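These notes concern the structure reproduced below.
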């Protein structure tokens, strides 16, 4: 059973999961908020309409479902996975005319970049964005590069952008000789970037975008750097809020961005679950803060978390720090294990959950009727350079 911890900020809820929007955790990332409870499951008539439309389209359509999607959407996905896995799955289906991506905007962009010109990528709700990706706009990144150039460090800095970024940011990375990374291969990508810029122990630098926590955690926990090697570039401040001396001394220049879900988890949450559940194993995503990562037992991507629970011993207890839809799905898949949600105030990814069954039905029925809605098309030049950065990631060992 999935549970959450009792806190002084919430009243006990009648169900295993606390209602959304109840209480606040002042120790969580500033600016991270819950948008409210998800709507009730869709009308059963919509389920039948989705089945009929899916059957009518057959192999012409390929439906992708990200791990963080709600169950009623995942039920109609041909493949589930993280963002990069899904984009690669789309590219491996050249016979599919339509790629229906149940995820967020940057994921659909990656699918458009990796698929053929004959395929059309559809995002059921154009409002399904990503708060992290939106924290790095292309004009801000270009201005940041000008700051690095003026400081005399751009020529020994390699940009690395997380998969959770816009096509324009990926294109910028490709133009400047960098690479894309995922949460699974961030260590490999950073080692490659440092070797290119002067070695892990040399004078080279990495500009890591847009999630500061993944960059910091990888540098410190995997590459053996110190927190002092990392500085945060804030695009809202003149020169990023950094002096030339700070930029010259830094090894990791981290963009000031974060995940609105993973930023919620706190050390306090970890301490509470250890008190409430003796012998619990705390496992968190590397988008969490460095303090939370340091307090956890295991750290890894969504695929890592899924595999760890698949291999876990029956009767074992786990507290998981990642998006709630995935945690609930894992709890249902492993009734022989005690799986807890780490956050004391339950919170879904509000942007990911904009993809609901009504939007999916509308998109599928439109395709059946011969209308292509909400097609995602990346600018040709951006697509080229973003593909350069993605291909560099594909060339890294172990992927």
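Kindly establish whether residue 244 is under 30 Å from residue 146 (Cβ atoms), exposed (fewer than 15 other Cβ atoms within 10 Å of the Cβ) and in contact with a helix residue (DSSP H, G or I) (Cβ under 9 Å, 6 or more places away or on another chain).
Taking the combined requirement at face value, the residue satisfies it.
For the condition in contact (Cβ under 8 Å) with a residue 60 or more places away in the chain, assigned by TED's automatic domain parsing to the domain that holds residue 366 and in contact with a strand residue (DSSP E or B) (Cβ under 8 Å, 6 or more places away or on another chain), what is the one hit in 83, 110?
Testing whether each residue is in contact (Cβ under 8 Å) with a residue 60 or more places away in the chain, assigned by TED's automatic domain parsing to the domain that holds residue 366 and in contact with a strand residue (DSSP E or B) (Cβ under 8 Å, 6 or more places away or on another chain) leaves just 83.
Here is a list of conditions, (1) modelled with pLDDT under 95; (2) assigned to a helix (DSSP H, G or I); (3) under 21 Å from residue 120 (Cβ atoms), and residue 57 meets all of them except one; can you say which number that is?
(1) is the only condition that residue 57 fails.
Evaluate the following for residue 106: is it outside any strand (DSSP E or B) and either in contact with a helix residue (DSSP H, G or I) (Cβ under 6 Å, 6 or more places away or on another chain) or over 18 Å from residue 354 (Cβ atoms) (or both)?
Answer is yes for this residue.
Can you pull out the residues in the range 376-387 that are surrounded by fewer than 18 Cβ atoms within 10 Å (Cβ to Cβ) and in contact (Cβ under 8 Å) with a residue 60 or more places away in the chain?
The answer is 377, 379, 381, 384.
Looking only at residues that are outside any loop (DSSP other than H, G, I, E, B) and touching a residue at least 24 places away in the same chain (Cβ under 8 Å) in the range 225-246, which one is nearest to residue 152 (Cα to Cα)?
244
Could you tell me whether any residue of the range 267-283 is surrounded by 20 or more Cβ atoms within 10 Å (Cβ to Cβ) and free of Cβ contacts under 8 Å to residues at least 40 places away in the same chain?
yes
Examine the range 305-316 for a residue that is crowded, with 18+ Cβ neighbours inside 10 Å, within 16 Å of the chain's Cα centre (by Cα) and under 21 Å from residue 182 (Cα atoms), and state whether such a residue exists.
Yes, the range 305-316 contains a residue that is crowded, with 18+ Cβ neighbours inside 10 Å, within 16 Å of the chain's Cα centre (by Cα) and under 21 Å from residue 182 (Cα atoms).
So how many residues does the range 81-99 have that are under 25 Å from residue 302 (Cβ atoms) and either out of contact with any helix residue (DSSP H, G or I) (no Cβ under 6 Å at 6 or more places or on another chain) or part of a helix (DSSP H, G or I) (or both)?
Number satisfying all stated conditions: 13.
Go through (1) modelled with pLDDT of 95 or more; (2) part of a helix (DSSP H, G or I) and name the single condition residue 283 misses.
(2)
If you take the residues in the range 120-149 that are outside any helix (DSSP H, G or I) and in contact with a strand residue (DSSP E or B) (Cβ under 6 Å, 6 or more places away or on another chain), which one is surrounded by the most Cβ atoms within 10 Å (Cβ to Cβ)?
123
From (1) more than 17 Å from the chain's Cα centre (by Cα); (2) at pLDDT 90 or above; (3) surrounded by 18 or more Cβ atoms within 10 Å (Cβ to Cβ), pick out the condition that doesn't hold for residue 18.
The one condition residue 18 does not meet is (2).
Residues 161, 149: which one is assigned by TED's automatic domain parsing to the domain that holds residue 188, modelled with pLDDT of 90 or more and within 13 Å of the chain's Cα centre (by Cα)?
Answer to the check: 161.
Look at residue 207 and say whether it is at pLDDT 95 or above and not in a helix (DSSP H, G or I).
Spelling it out, residue 207 is indeed at pLDDT 95 or above and not in a helix (DSSP H, G or I).
Here is a check on your reading of the model: is residue 292 modelled with pLDDT under 95 and in a helix (DSSP H, G or I)?
Against the criterion (modelled with pLDDT under 95 and in a helix (DSSP H, G or I)), residue 292 does not qualify.
The values are calculated or read from the model by the stated rules, or taken from the named source; none is laboratory data. This is a predicted model, so every value here is computed, not measured. Reconstructed Cβ throughout: ideal geometry from the backbone, glycine too, with neighbour counts over all protein chains shown.
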